[in-house]
Amino acid sequence: MTPGPTEVPAAVRDRMAEPTANPDIESSFLECYRSVTDAVETIALTGADGDPTHPDASRDVVVLGGEGILGLEAAVASLVEPGDRVLCLSNGLYGDGFADFVADYGGEPVTCEVPWRETLDADTVRAMLEDADEPFDLATMVHCETPTGTLNDLEPILDVLEAFDVCSVVDAVSSLGGTPVPTDSIDVCLGASQKCFSAPPGLTTCAISDRAWDRIDAVENRSYYLDLEAWRTVVDDEWFPYTHLSANVAGLETALELLLEEGLGSVFDRHERVAARCRDRATDLGLETFPADEADCSPTVTALEVDGRAAELQQAVLAEHDIVLATGLGDLADDVLRIGHMGHNARDDRVDRTMDALADVL
Ligand SMILES: *Cc1c(COP(=O)(O)O)cnc(C)c1O
C-alpha cells in the first residue's frame, strides 16, 4: 500500500511470464507497443466523467524503457537549451527536483514556490510572468506531489501559461490513470508504469504536443539515451533506438486493458471514494493529513502527520500485519506516514485492512 510501486494484479504478472516477441525484429511487438501508446493517450485525454476532455485533442505518446525519473530527465534534456529560462513551479520535493535538472542541462531555473502544505496558485504564477524582465521558454510542475500527498489544480495555471505562450512540462507520474490530468493543455505530460497503472517499475510514458515537438526539433545540444526526438517516428519507421523492455511493455498493455475495461469514469470515482475513506478513517484515529486543506489532498496517496514516528509505525504495520506503507521523504522522512491507494490498491477492502492495521499498531 505504498504510493508506488503498487501491487501488480495477477493478470499483469501472468502476461509478463509469457514468451515475448523480439522487439527489434518481430512486428507483433510493434502492435503491442502501439496498443500501449494508444491506451496512454486515451487515459491522458479522459476527464472525470470518463469521456474525452476535448474530443478533437490528440497527443503523440512515447514509452521509454526506464522508470519515472527517466521521463522527467528526458523531457528536460530534450526541451532545454543552455540559457533557456525555465519557470519551475514547486510545492514539494519533485517540483524542486525539476529545477536541478534544468540547471544540469544549462537552463536558467527560476523557482516559483509555495509552502509544501499548500498547492500551486495561478495568481502567483501570473504575477511572476507579468513582472518578469524576460519571457520564459518553459515551465515545469508536478500534478501530485507524492511525498506530501498534495494534488495541484493545474488547469488555471496552464491557462495562464498559455496566455504567455509558455510551454509546459508536467510530472503526472503519480496521478495519471488515477485521477483526470488536463493533458489537452499540457505540452509534455509524464507518467510511469508502477504508479496508478499497477504494472511493475520499468517504463515511463510521455504524451507530447506538436508545440513541444517543435521545441525538441530546435534543440541543438542532443543526448542519445535521453533524446525524445529519436522516439518520434518509432512506430512509422518500425525502429527503436534501443532494445525495448518487451516483457514490461506486454505487462503494461494488460494493465492498461484492465483500466479501460473497468472504464475510466469508474476508476477515477474509485480513487476519490477510497481516498475519502482513508482520510475519514485517519480522522477517527486522531491523525491529520499533511496538506492543510482537505481539498488539496490527492485521491491517489494520503500523507498523515505522525511527528517522529513514521519509521516505527511503518515497521510495526509490516511486522504485525504484513502491509507495506511508506514514510515521508527528505526532511519529513519520519514525520509523515504515507498510504498509497493508487491503481489496483485503490479499493475499499484494502484501505480498510490497512487502516485496521494502523489502528491496531497505534
Ligand atoms: C514515483 C514518482 C516519480 C518517479 O520516480 P521513480 O523513481 O520512477 O519511482 C516521479 N515523480 C513523482 C511525483 C512520483 O511520485
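Taking 0.36 nm per residue of sequence separation and removing the Cα-Cα distance, the Ile69/Ala295 pair yields an extension gain of 78.6 nm. Note on Ile25 and Ala333: the extension gain reaches 106.3 nm, defined as 0.36 nm multiplied by sequence separation minus the Cα-Cα distance. The residue list Cys206, Asn345, Leu260 was ranked by how far each Cα lies along the charge dipole of the chain toward its positive end, using unit charges on Cβ atoms, and Asn345 comes out on top.
In this simple spin-label approximation, Glu162 and Tyr224 carry label points 7 Å from Cα along the Cα→Cβ vector, and these lie 4.0 nm apart. Considering the range 264-361, its Cα convex hull presents a mean projected area of 6.0 nm².
Roughly how far apart, in whole Å, are the Cα centres of the range 223-246 and the range 143-201? Using only Cα atoms to place each centre, the spacing works out to 23 Å. Simple rule: put +1 on each Lys or Arg Cβ and -1 on each Asp or Glu Cβ in the chain, find the dipole, and look at Leu190, Gly308, Pro9; the Cα lying farthest toward the positive end is Pro9. Computed from the C-alpha gyration tensor, the three semi-axes of the ellipsoid equivalent to the range 167-255 are 22, 19, 10 Å, from longest to shortest. Only helical runs count toward this figure. For the chain, summing -39,500 (n - 2.57) over DSSP H runs of n ≥ 4 and dividing by all residues gives -12500 deg cm²/dmol at 222 nm.
Label sites at Asp133 and Glu18, each approximated as a point 7 angstrom past Cα along Cα to Cβ, lie 6.0 nm apart. Report, please, the projected area of the range 10-262 averaged over directions, based on the convex hull of its C-alpha atoms, in nm². The directionally averaged projection comes out at 13.1 nm². With both residues required to sit in the chain, DSSP beta bridges show an antiparallel share near 55%. In the range 152-264, what % of DSSP beta bridges are antiparallel (nearest 5)? Bridges in the range 152-264 that DSSP calls antiparallel: roughly 55 percent. Relative to the Cα centre, the charge distribution of the chain, modelled as +1 at Lys and Arg Cβ and -1 at Asp and Glu Cβ, gives a dipole magnitude of about 1080 debye.
Each peptide in 136-144, 86-94 gets a packing score, the mean of other Cβ atoms within 10 Å over its residues, and the list from highest to lowest is 136-144, 86-94. Computed from phi, the 3J(HN,Hα) profile of the range 49-56 under the Karplus parametrisation 6.51, -1.76, 1.60 (θ = phi - 60°) reads 7, x, 9, x, 5, 10, x, 8 Hz, with x in place of Gly and Pro. For the range 76-134, compute Rg over Rh where Rg is the Cα radius of gyration and Rh is the Kirkwood radius from the inverse mean 1/r over Cα pairs. In the range 76-134, Rg relative to Rh is 0.99.
As a calculated quantity, the FRET efficiency between Arg232 and Glu155 at R0 = 25 Å, using C-beta atoms, amounts to about 0.35.
Mean separation of Cα pairs under 8 Å and 6 or more residues apart, divided by the residue count, gives the chain a relative contact order of 25 percent. Here the label points at Glu108 and Thr243, each 7 Å from Cα along the C-beta direction, are separated by 4.5 nm in the simple model. Suppose R0 equals 25 Å. What FRET efficiency, 1/(1 + (r/R0)^6) with r the Cβ-Cβ distance, do Leu318 and Asp352 give to the nearest 0.05? About 0.90, to the nearest 0.05.
Every number in this text was worked out from the coordinates using simple rules, so none of it is lab data. This is a predicted model, so every value here is computed, not measured. Note that we place each Cβ from the backbone using ideal geometry, even for glycine, and neighbour counts take in every protein chain shown.
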